[in-house]
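Engineer: Have a look at this one before I ask anything.
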Amino acid sequence: MGKQHQICKITDIFKKKDKTLSLEFFPPKEDSQLDSFFNVVEELVSLEPDFLSVTYGAGGSTRDRTMEISTELQDRYHIPIIHHITCVGHSRTQLIEILDSMKINKIMNVLALRGDPPRGVKEWKPTVNGFSYAYELCDLLRTLYYGYFSYCVAGFPEGHPESPNKKIDAEFLKNKIEHGAEFVLTQLFYENQFYYDYVSRLRNIGVTTRIIPGILPILNFKNAKNFSAFCGATITPRFHDIFKPINGDLTAMEKKGVELAIDQCIDLLKNGAPGIHLYTLNKLNPIKEIIHGLKDFL
């Protein structure tokens, strides 16, 4: 393996690097999937990302698995892990228990999220004695764990689906920063202008933190359309034009998706993005190709 990783806060990495590469994984549901999962991660870690993140299922459904995977990844590869945590499904007391467990396991980085409700639940409601907003979770991190965790929040280049408009959405993000969040990982987007406009909106209201773009390559156009609709990301007509002739050809779609993702990331990096956060979908080959395509720009 190339460089020696060191367990640290992500903000310590920022002091040394203008641009970072990070990878996001989701915890395997079955024990039988763990070996193949770690094989994928090991090969991608050998390409020297700066940090990894591990997701938290809707409604906190992968709570224990996220802790287990985060701890194992950090112990095995000595690379900083961002552990996602959501307000959904947890009381304040339970959130403290989870954060205490992170400290015990030497996890120093958190993505603080409100979170999505469990599948089948249409209306989001806070847990009894829980939090309604991510900024409240930021407050908890700042007051009870001051100085230990580095914590970030999610940003939405096209605006959160529940926000009345993009201006108000930007103010919500600013509020999370004012409550202690130190940087931003964005939701996926496919047109870079969405990201550039988002950064401009935030800078105009005084947000100066890093806003790292989150990139999800289109490897299966049907799946991408469905997921984008779920999370409020726009697939513009040019992508329909690109993928229509190859729709259904998985090999051709993956090849084109990798090519488009590399082009998207290079444009972002050339135009001031402070790094790239790749949503890996726990896949090896396409992510490996994208990372190789970016090696001269990071």
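Readers should treat all values here as calculations from the given coordinates under stated rules, not as data from a laboratory. Computed from a prediction, not measured in an experiment: that's the story for all the values here. Neighbour counts run over all protein chains shown; Cβ positions are idealised from the backbone, glycine included.
Engineer: Among Cys152, Cys8, Cys138, what is the fewest-to-most ranking by other Cβ atoms within 10 Å?
Structural biologist: Starting with the residue having the fewest Cβ neighbours, the order is Cys8, Cys138, Cys152.
Engineer: Quick one: what are the phi-derived ³J(HN,Hα) couplings along the stretch 100-112, Karplus 6.51/-1.76/1.60 with θ = phi - 60°, whole Hz, x for glycine and proline?
Structural biologist: Each residue's phi maps through the Karplus curve to give 4, 5, 4, 4, 4, 8, 6, 7, 10, 10, 9, 9, 8 Hz.
Engineer: Fewest to most neighbouring Cβ within 10 Å: what's the order for Val128, Val199?
Structural biologist: Least to most surrounded, the residues fall as Val128, Val199.
Engineer: Which lysines, if any, have their Cα less than 21 Å from the Cα of Lys176, not counting same-chain residues under 8 positions apart?
Structural biologist: Partners within reach: Lys9, Lys125, Lys166, Lys167.
Engineer: Under unit Cβ charges (Lys, Arg +1; Asp, Glu -1), what dipole magnitude, rounded to 20 debye, does the chain have relative to its Cα centre? Numbers along the way, then the final one.
Structural biologist: Numbers: 35 positive and 36 negative charges, 110 e Å.
About 520 debye.
Engineer: How large is ³J(HN,Hα), in whole Hz, for each residue of the stretch 196-212 in order, when computed from phi with the Karplus curve 6.51 cos²θ - 1.76 cosθ + 1.60 and θ = phi - 60°, using x for Gly and Pro?
Structural biologist: 4, 5, 5, 4, 4, 4, 5, 5, 5, 10, x, 7, 10, 5, 5, 10, 8
Engineer: Which residues' amide hydrogens lie under 5 Å from the amide hydrogen of His84, considering only partners 5 or more residues apart or on another chain, with H built in the peptide plane?
Structural biologist: Close amide H contacts, sequence-distant or interchain: Val54, Leu111.
Engineer: In this model, which of Lys255/Lys288; Lys225/Lys295; Lys225/Lys255; Lys222/Lys244; Lys255/Lys283 are farther than 20 Å apart at the alpha-carbon?
Structural biologist: Lys225/Lys295
Engineer: Based on the mean of other beta carbon atoms within 10 Å per residue, what is the order of 282-289, 19-26, most packed first?
Structural biologist: With the highest mean Cβ count within 10 Å placed first, the list reads 19-26, 282-289.
Engineer: Residue by residue through the stretch 80-96, what is 3J(HN,Hα) from phi via Karplus (6.51 cos²θ - 1.76 cosθ + 1.60, θ = phi - 60°)? Round to whole Hz and write x for glycine and proline.
Structural biologist: Each residue's phi maps through the Karplus curve to give x, 10, 9, 8, 6, 8, 10, 5, 4, x, 10, 7, 4, 4, 5, 4, 5 Hz.
Engineer: Relative contact order of the chain, please, whole-number percent, based on alpha carbon pairs below 8 angstrom and at least 6 residues apart.
Structural biologist: About 19 percent, as a whole number.
Engineer: Using modelled backbone amide H atoms (1.01 Å from N, in-plane), which distant-in-sequence or interchain residues come within less than 5 Å of Thr20's amide H?
Structural biologist: Placed amide hydrogens put Gly275, Ile276 under 5 Å from Thr20.
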